[in-house]
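Structure first, then comments.
The values are calculated or read from the model by the stated rules, or taken from the named source; none is laboratory data. On a predicted model such as this, the values are computed, not experimentally measured, just so you know. Just so you know, the surface numbers come from the protein's heavy atoms only, side chains and all, with ligands and any DNA or RNA stripped out. Shrake-Rupley method; radii C 1.70, N 1.55, O 1.52, S 1.80 Å.
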Amino acid sequence: MKKNIVSLIFLIMMTSNSQSGYAKGDTTLLYYVARPPKVQNQKPSLLILLHGVGSNEQDLFRIANSLPDNFLVISARAPFTISEGRYKWYDVDFSSGSPRFNAEQAEKSRLVILSFINELKEKHSFNENEIYLGGFSQGAIMSFSVGLTRPDKVKGVIALSGRVLSDIKPKIAEQNKLNGLKVLVIHGTKDEVLSINYARQCKHLLDSLHIQNTYFELNMGHTITSEVTDLISKWLKAE
């Protein structure tokens, strides 16, 4: 069996507003927390949130209750451990002045996320044609990596303070398969980790691929503000 196939085992702990569980494979672990849709819907839209390097699934989950009520919101933990409570989608080094990344780990995480999406179908009811990926920083990068290469799996991408990896560009899907993909890009003009130039490069790439995109430059650093959350919510409601 290929190593990129993740076998899913769930521990479900219900509260009034959330569930939690984990996806475990031979060398990877995707723990997640979930907010069920607040309105009754047999097939809700699904939003999967991907955190940045050094964080965990609880980071983006804090905005879950600010997102549209008709969405099932799942916040996943990256498969590679830095230390207790701190995880990453791949190794990255900023010492040279520009990010240098572990392409093998990034590719493995891309495949794991795709398997994770498939296996979520076994435990949650949602509309398979209404799946969105949203991430911050490294999570935004992974959202781009999955969405641009497998638009058949993802309807929309939300990229907060991210970029597109160079290794992904040759793997981008054919133009006719990208026609239905929608992207929201939000980036701070004062971002000290990933320059605003990365967002502008993403915008240029999306336009060149004729991908429908909504783009915002905000007066902020490498962070998520209430303004960002409001923009995400409005974009999702318009979809």
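Counted over segment 65-130 with a bin width of 5 Å, the fraction of Cα pairs per bin, in whole percents, is 3, 13, 18, 18, 17, 14, 10, 5, 2, 0.
The heavy atoms of Lys237 offer some 140 square angstrom of accessible surface to a 1.4 angstrom probe. Classified by the C-alpha gyration tensor, segment 97-176 has a prolate form. Its axis ratio a/c, with a ≥ b ≥ c, is 1.5 or above, and a/b is larger than b/c. Computed over protein heavy atoms with a 1.4 Å probe, the accessible surface of the chain works out to 46 Å² per residue. Ordered from largest to smallest accessible area (heavy atoms of protein chains, 1.4 Å probe), the residues Arg86, Arg35 come out as Arg86, Arg35.
Pair-distance distribution of the chain: all C-alpha pairs, bin width 5 Å, starting at 0; shares per bin in whole percent are 1, 7, 15, 20, 22, 18, 12, 5, 1, 0, 0. Sorting Ser208, Ser109, Ser195 by solvent-accessible area of protein heavy atoms yields Ser208, Ser195, Ser109, largest first, with a 1.4 Å probe.
Sequentially through segment 59-73, phi angles give Karplus couplings (6.51, -1.76, 1.60; θ = phi - 60°) of 4, 6, 5, 5, 9, 4, 6, 8, 8, x, 5, 7, 9, 7, 10 Hz, Gly and Pro residues having no value and appearing as x.
Mind scanning Lys38/Lys153; Lys38/Lys203; Lys123/Lys182; Lys38/Lys234; Lys155/Lys203; Lys108/Lys153 and naming the pairs with a C-alpha gap bigger than 22 Å?
Values: Lys38/Lys153 24 Å; Lys38/Lys203 33 Å; Lys123/Lys182 26 Å; Lys38/Lys234 17 Å; Lys155/Lys203 18 Å; Lys108/Lys153 17 Å.
Beyond 22 Å between Cα atoms: Lys38/Lys153; Lys38/Lys203; Lys123/Lys182.
A probe of 1.4 angstrom, applied to the heavy atoms of all protein chains, finds His222 with accessible area near 40 square angstrom. For segment 41-165, a Kirkwood radius taken over Cα pairs fed into Stokes-Einstein (20 °C, viscosity 1.002 mPa s) yields D = 146 µm²/s.
Please give the calculated 222 nm ellipticity per residue for the chain, where each DSSP H segment of at least 4 residues contributes -39500 (n - 2.57) and the sum is spread over every residue; nearest 500 deg cm²/dmol?
On the way: 5 runs with 61 residues, N = 239.
Calculated at 222 nm, the ellipticity per residue is -8000 deg cm²/dmol.
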